[in-house]
Every structure is written in C-alpha cells, then in structure tokens.
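First comes the structure, then the notes that go with it.
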Amino acid sequence: MLEVKNISFSYNKEPVLKNISFSVNTGEHLSIIGESGSGKSTLLKLLYGEYDLSKGEIHWNGKQILGPAFNLVVGYDFMKYVAQEFDLMPYTTVAENMGNFLSNFYPKEKQERINELLEVVELSHLANIKVKLLSGGQKQRVALARAIAKQPEIILLDEPFSHIDNFKKQSLRRNLFQYLKEKNITCIVATHDKNDVLSFADNMIVLHDNNIIAENTPKELFDMPKLPLIASFFGEFNTIVPYGIVYAHQIKVIEKSDLKATVIQSYYNGSFYLIEADFKGKTILFNNQSELEKGSKVSITIVK
Ligand code: ADP
Ligand code: MG
C-alpha cells in the first residue's frame, strides 16, 4: 500500500502542492488528473523520491520514500517511473533496451521475456531496430516496456500514451493496463485523457489549486461531477439553472416541450453531431444524431 501523508512541495517560493494526502492499495490503478501545470508530474516525481518534500511523508508498504537529501541514488527497486521525457539508449536496439535490466544468467528466459514485452507494446516487428531511428510514439512504447521488464511492485506513468497515435493507442492502452492488473502491479497514472481513466482506473484524484479537489471512482465523478472542472475532463457540458451541470449527451431534442433552443451550428463528430444552440440567451451544447439547420428552433429536454 502506498501512503501519502500530508505532503507539501515547492520548487521556488510558490507552493506547487499543499497538504496532499491519499493512499493506494496494492494492485490498485489510480489516475491523477488536473489541468496542465496543476502538479501531476511533480506529484509523480515526489512519489519516486526525485525531490525532497517540504513537509509530510510517503511510504510504500511501510518503507519511507526519501528524496535526494536522504537517498543518494534516486529511485527504488520496487518502483518504476516513466517520465514524460523518456530516457532510452538510442544506439542500441529495441530488444536490447528492453532487456537492459534483465539478468544475462538465463539467456533463454531473457529472450522469452523480451518477446513477451515486445508483444505487450506491439513492437515485435521492430525488435532489431536501433532506438534512435524510432518515432516519438515508438520510443514511448519502448520506455513502457523497459519499465515493466523487471516486474516492479508499483509503476508511475506520466501521460504514458501522449506520443502514441490513435491507430495504436487504444489497443496498447488495453494491453498495458490489463497486463498491470493481471500482475497485481500498483499503477499511478498522470493523464489528461479520459480514455486512460474511465475503463481502467479504480480511483481518481483531481488536482487543482495545489490541492486534491475530488477523489472517487471514475464512475462517481462522471455521474456526479460536483464542479465544472471535473465535468470538463469528461466532455462537453453546460451549466443550466436549475439543473446544474448537464453533459451534452444529457440534452435531447424531442417533439414538444417548453424548453426551446435555436440552433447556431452543428459540428460533425463521427457517431453524432455536437449542436451549438442558443437557450434563453445562453449558448448550450448538446449531442444529436443528425445535423440541425442553422437558425431552426428545436424543443429539448434534459435527461439526468
Ligand atoms: P502538470 O504535470 O500537471 O502539467 P507540473 O507538475 O509539471 O504540472 O508543474 C506544476 C507547476 O510547477 C507548474 O507551475 C510548473 O511551471 C512548475 N514546475 C514544474 N517543474 C518545475 C521545475 N523543475 N522548476 C520550477 N518550477 C517547475
Ligand atoms: Mg506533466
């Protein structure tokens, strides 16, 4: 279990994180979300022991995580961290990068393990290519494979799929998160992508103003976003009196109703259109199966 007790940290004078506390059970997947600059990366670095805390303590299964003032070599065997800027060996191959932390004592087992890792991150076809020749997304996949090569107890991932294109992202995300769950590896992911969270995280925390402003399961936070900031993470939404936060998918066009909206614009979105409309002098957004004519009046209802 990871225990974060009342930690504070600042790079200079301004605090980045203030009195943060949370815990993560073994095998749990926790997402850390928040706007850019809210301190997600800083928090992961603190969990890794990269900086000294101004206040508070971090423990993994009772062992205290210490910063460089108390721990000369940053990091611990039981923990792996994949930073936003990954650190690879450019002049060696993909397979060699993945095998770098594995023992040479059992060559057959080592090769099998590398093959397994290549499959998890879908890089088998590039096993013998030098890393410097890879794209940003391919390098990120090598970095992920390296982090799980020697099974850690806990893994910290900073926007792990940010460089990976949509063609690969979906399957890679499923592969990696399923793999971590199967192996009961505790996983903490900083992200601004709801797709990293909704299907995979057991819990999520929302950072804002140096603090945790919400902490719950993704489902609870999605179903009942108490703040616009939380709703905005999940998608388009409106604030409508007296309904409160209303997602775009919670407004439906119906045959007849007292609520009338005037269409301003339709945006094609693949499986639906996002409609921008005027509702009592305010702009609202809602989803609709088909395009709606500019200037037309529609009856709407709110289904929460
Ligand atoms: P996020 O990952 O959520 O985008 P960061 O943890 O990177 O946020 O940054 C949090 C705040 O700390 C920001 O205001 C950022 O400018 C500042 N910051 C990040 N790294 C450093 C650093 N090495 N030195 C000084 N300030 C930093
Ligand atoms: Mg960051």
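Quick look at the numbers
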{"read-out": "In segment 26-82, the residues that are of a type in the set (Phe, Trp, Tyr) and crowded, with 19+ Cβ neighbours inside 10 Å", "value": "Tyr48, Trp60, Tyr81"}
{"read-out": "Test: residue in segment 27-43 that is outside any helix (DSSP H, G or I) and of a type in the set (Asp, Glu)", "value": "yes"}
{"read-out": "Cβ pairs under 7 Å, 6+ apart, first in segment 25-39 and among the hydroxyl-bearing types (Ser, Thr, Tyr), second near ligand 1 (Cβ under 9 Å from one of its atoms)", "value": "Ser38/Leu207"}
{"read-out": "Residue that is farthest from ligand 1 (Cβ to nearest atom) [pool: residues in segment 34-60 that are closer than 28 Å to Lys219 by Cβ and out of contact with any Leu (no Cβ under 7 Å at 6 or more places or on another chain)]", "value": "Glu35"}
{"read-out": "From the options Pro218, Pro242, residue that is of a type outside the set (Lys, Arg) and in the same structural domain as Glu35 (by TED's automatic domain parsing)", "value": "Pro218"}
{"read-out": "Set Glu35, Glu28: member being more than 16 Å from ligand 2 (Cβ to nearest atom), in the same structural domain as Val189 (by TED's automatic domain parsing) and either touching a strand residue (DSSP E or B) at 6+ places or on another chain (Cβ under 9 Å) or within 16 Å of Val206 (Cα to Cα) (or both)", "value": "Glu28"}
{"read-out": "Verdict on Ile114 being under 19 Å from Ser8 (Cβ atoms) and surrounded by 13 or more Cβ atoms within 10 Å (Cβ to Cβ)", "value": "no"}
{"read-out": "Any chance Glu14 is within 16 Å of ligand 2 (Cβ to nearest atom) and either part of a strand (DSSP E or B) or surrounded by fewer than 19 Cβ atoms within 10 Å (Cβ to Cβ) (or both)", "value": "no"}
{"read-out": "Hits in segment 156-173 - residues which are away from ligand 2 (no atom under 12 Å from the Cβ) and either in contact with an Asp or Glu (Cβ under 9 Å, 6 or more places away or on another chain) or in a helix (DSSP H, G or I) (or both)", "value": "Phe161, Asn166, Phe167, Lys168, Lys169, Gln170, Ser171, Leu172, Arg173"}
{"read-out": "Qualifying residue in segment 185-203 (condition: out of contact with any Cys (no Cβ under 8 Å at 6 or more places or on another chain) and on the phi > 0 side of the Ramachandran plot)", "value": "no"}
{"read-out": "Breaking point among (1) touching a helix residue (DSSP H, G or I) at 6+ places or on another chain (Cβ under 7 Å); (2) not in a helix (DSSP H, G or I), for Phe105", "value": "(1)"}
{"read-out": "Residue identified as touching a residue at least 24 places away in the same chain (Cβ under 8 Å), more than 16 Å from ligand 1 (Cβ to nearest atom) and either in a loop (DSSP other than H, G, I, E, B) or under 24 Å from Arg174 (Cα atoms) (or both) among Asn97, Asn115", "value": "Asn97"}
{"read-out": "Odd one out for Leu229, checked against (1) of a type outside the set (Asp, Glu); (2) out of contact with any Leu (no Cβ under 8 Å at 6 or more places or on another chain); (3) without any contact (Cβ under 8 Å) to a residue 24 or more places away in the chain; (4) more than 18 Å from Ile302 (Cα to Cα)", "value": "(3)"}
{"read-out": "Residue match in segment 221-236 (condition: farther than 29 Å from Asn203 by Cα and either touching a His at 6+ places or on another chain (Cβ under 9 Å) or β-branched (Val, Ile, Thr) (or both))", "value": "no"}
{"read-out": "Checklist (1) in contact with a strand residue (DSSP E or B) (Cβ under 8 Å, 6 or more places away or on another chain); (2) more than 21 Å from Ala201 (Cβ to Cβ); (3) part of a loop (DSSP other than H, G, I, E, B) applied to Asp52, failing item", "value": "(1)"}
{"read-out": "Selection within segment 120-131 - modelled with pLDDT of 95 or more and assigned to a helix (DSSP H, G or I)", "value": "Ser124, His125, Leu126, Val131"}
{"read-out": "Among the candidates Leu227, Leu156, Leu172, Leu207, residue that is under 28 Å from Phe78 (Cα atoms), aliphatic (A, V, I, L, M) and more than 16 Å from ligand 1 (Cβ to nearest atom)", "value": "Leu172"}
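The values are calculated or read from the model by the stated rules, or taken from the named source; none is laboratory data. These numbers come from a predicted model, not from an experiment. All Cβ positions, even for glycine, are placed from backbone atoms using ideal geometry, and neighbour counts span all protein chains on display.
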